[in-house]
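Novice: Would you mind keeping the following structure in view while I ask a few things?
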Amino acid sequence: MAEPAPYGSDLFLDRYCLPILSTLPEGSLDTYNNIIGGFGLDDLQSYARDIRDSWKVYLICLVTTFILIFLWNWMLRLCAEFLAWLAIFVVGVGIVAIGFGIKYYKTVNQPTETVSKWLDYTAYTVWGLAGVYALVVLCVYYAIKISIKVLRVSAKIVMNNLRMILIPLSGIVVMVVWILFYGYSLLWLMSCG
């Protein structure tokens with residue numbers, strides 16, 4: 001009987017050694033995938049490794065989010081009306097641009113007759129929705145003016161009470177800790193066989 005070829009292994013849950021896929025001999029890879037892949041442990045191990053390896057990215061995203069929240073509230077406090085109308089205008093322009101994007105796609109790719117007709121209908125429908133959007137904005141003009149004033153006041157409240165930003169953060173932390181505990185407990189149960 002021949003000796004098995006050497007391969008690298010990785011410790012899973014500080015309890016079991018699982019082989020590293022790239023170091024497995026070619027004949028053993030299918031057997032490994034059938035056994036371990038059936039439980040899904042290789043996927044969970046790669047997910048956990050990805051999260052562990054990219055903790056810096058998560059931290060950068062968290063800090064950037066808080067900086068953007070602070071800047072957005074500061075800008076709302078200073079120029080809420082401009083930002084609100086800018087957002088409304090950008091959404092309208094975006095809807096119109098989607099229609100032009102569909103027409104551009106049609107001219108570049110030159111699809112069949114039927115697809116070309118449907119792309120035209122889609123572009124016209126999107127432009128119709130842009131018209132409806134403009135009419136709705138005109139009809140609710142005074143409601144938008146009132147909501148801008150409410151937005152400016154709420155931005156002042158948030159800037160004066162920055163502790164309010166920590167309330168969702170604490171909820172997120174509790175939820176992440178709970179999910180991690182649940183996942184870790186589930187993995188332990190799965191490893192017991």
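Novice: Ranked by Cβ crowding within 10 angstrom, fewest neighbours first, how are 49, 163 ordered?
Specialist: Values: 49 11, 163 8.
Neighbour counts put them in this order, fewest first: 163, 49.
Novice: Please give the charge dipole size of segment 79-160, origin at the Cα centre, charges +1 on K and R Cβ atoms and -1 on D and E Cβ atoms. Round to the nearest 20 debye.
Specialist: Working: 7 positive and 3 negative charges, 62 e Å.
The calculated dipole for segment 79-160 is roughly 300 debye.
Novice: To make sure I understand, if each residue's beta carbon is the centre and we count other beta carbons within 10 Å, what order do 53, 120 fall in, fewest to most?
Specialist: 53, 120
Novice: Over all alpha-carbon pairs in segment 79-160, figure out the percentage whose distance exceeds 14 Å.
Specialist: Working: 2341 of 3321 pairs.
Result for the distance tail: 70 percent.
Novice: Right, another one. Roughly how many nanometres apart are two label points built 7 Å out from the Cα toward the Cβ at residue 91 and residue 185?
Specialist: 4.2
Novice: Now for a separate question. How do 90, 126 rank when sorted from fewest to most other Cβ atoms within 10 Å of their own Cβ? Don't skip to the end; give the middle numbers.
Specialist: On the way: 90 11, 126 18.
Arranged by neighbour count, lowest to highest, 90, 126 become 90, 126.
Just so you know, all these numbers are worked out from the coordinates, no wet-lab data involved. These numbers were taken from a predicted model, which means no experiment stands behind them. Reconstructed Cβ throughout: ideal geometry from the backbone, glycine too, with neighbour counts over all protein chains shown.
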